[in-house]
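Engineer: One structure, as structure tokens, below. Some questions next.
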Amino acid sequence: MTTRVAGATVAGIVVAMSVTAGAPALAAQQAADADQATVSVFHAVPGLTVDVYAGDEELIPNFKPGTLTDPLKLDAGSYDIKIFKDGEGPDGKPAVEKTVDVPAGANATVVAHLTADGEPALDAFVNDMSKVPAGKARLTVRHVAAAPAVDVRAGEKPVFEDLENPEEAKGEVAAGTVSADVVLAGTDTVALGPADLDLAEGTNTVVYAWGSVDDKNLALKTQSLTGMHSAPGGVPAGESGAAAAHNEGVPLGALALGAVSAIGAAGLLFRLRASAR
């Protein structure tokens, strides 16, 4: 065997050993990822700065209205979330308390908001991360405001109708910039907008209508989810509007941290603090 052949043989063995050694670690990482969920938190209660607790652990201090945290990875399970007025936890009475189940593999957004009657509430929505047809974008609208049912229009044409708190509606639309507004259901009375939405191909743009119609502080918040591109082919041209749009209230169940270890809670505290903005 020549030196060159021997060297190549040794190199091949080393590469093979490296790949073989790395396979269990990769498999373990994939298994860990499969047991986790991606979670964001949106504070949609106007005029109320809060502290968010999981059990007795403070997760997000000084959480201001209109703030949406960056996505973070959490172990799947049940989390007991308590929301206090700033500085009143954990011994006081929480403004909102709920247990929410976070399923493995899900991408979810937990929203503290007002009910249609103006009472504080906590709901979780599963974000649709399925593939979007080529040339299309997904538009999701969530009604989390103290307001009656609404219609959502694009270019002054209804796209989603009779959307009630805390429901969502979604559909695929042609990618591009869309001028959207929110009107009281069955009327032309504009409650929000118009606003230009940049719906990039292969994304899910989530629009939250939040605030209070009586207090005249209704507002929009957008969340952009990426990575849903489909392979090109058969791209329809000149289409607009929603395809297969439907209303989906997607309660996930509850937010109690009783079963989570102190180490897990501390890690969650660090990540939520780092991601809040």
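Engineer: Can you tell me how much longer the chain between Glu119 and Asp86 gets when fully stretched, taken as 0.36 nm per residue apart minus their C-alpha distance, in nm with one decimal? It would help to have the intermediate numbers written out before the result.
Structural biologist: Numbers: separation 33, 0.36 × 33 = 11.88 nm, distance 1.76 nm.
Fully extending the segment from Glu119 to Asp86 adds 10.1 nm.
Engineer: Whole number please: convex hull volume per residue, Cα atoms of region 190-232, in Å³.
Structural biologist: Values: hull volume 2.9 nm³, N = 43.
Expressed per residue, the convex hull around the Cα atoms of region 190-232 is 68 Å³.
Engineer: Pull out a ≥ b ≥ c, the square roots of the eigenvalues of the alpha-carbon gyration tensor of region 127-173, then state rounded if a/c is under 1.5, prolate if not and a/b is larger than b/c, and oblate in the remaining case.
Structural biologist: Here region 127-173 falls in the oblate category.
Engineer: Treating each Cα of region 129-249 as an identical point scatterer and ignoring solvent, apply the Debye formula and state log10 I(q)/I(0) at q = 0.14, 0.18 Å⁻¹.
Structural biologist: -0.54, -0.87
Engineer: Need one word for region 43-100: rounded, prolate or oblate. Basis is the Cα gyration tensor (sqrt eigenvalues a ≥ b ≥ c); a/c below 1.5 gives rounded, then a/b vs b/c decides. Provide the component values of the computation, followed by the final result.
Structural biologist: Details: a/c = 1.88, a/b = 1.16, b/c = 1.62.
Cα axes put region 43-100 in the oblate bin.
Here, each number is a calculation from the coordinates, and none is a lab measurement. Nothing here was measured: the structure is a model prediction, and the numbers come from that model.
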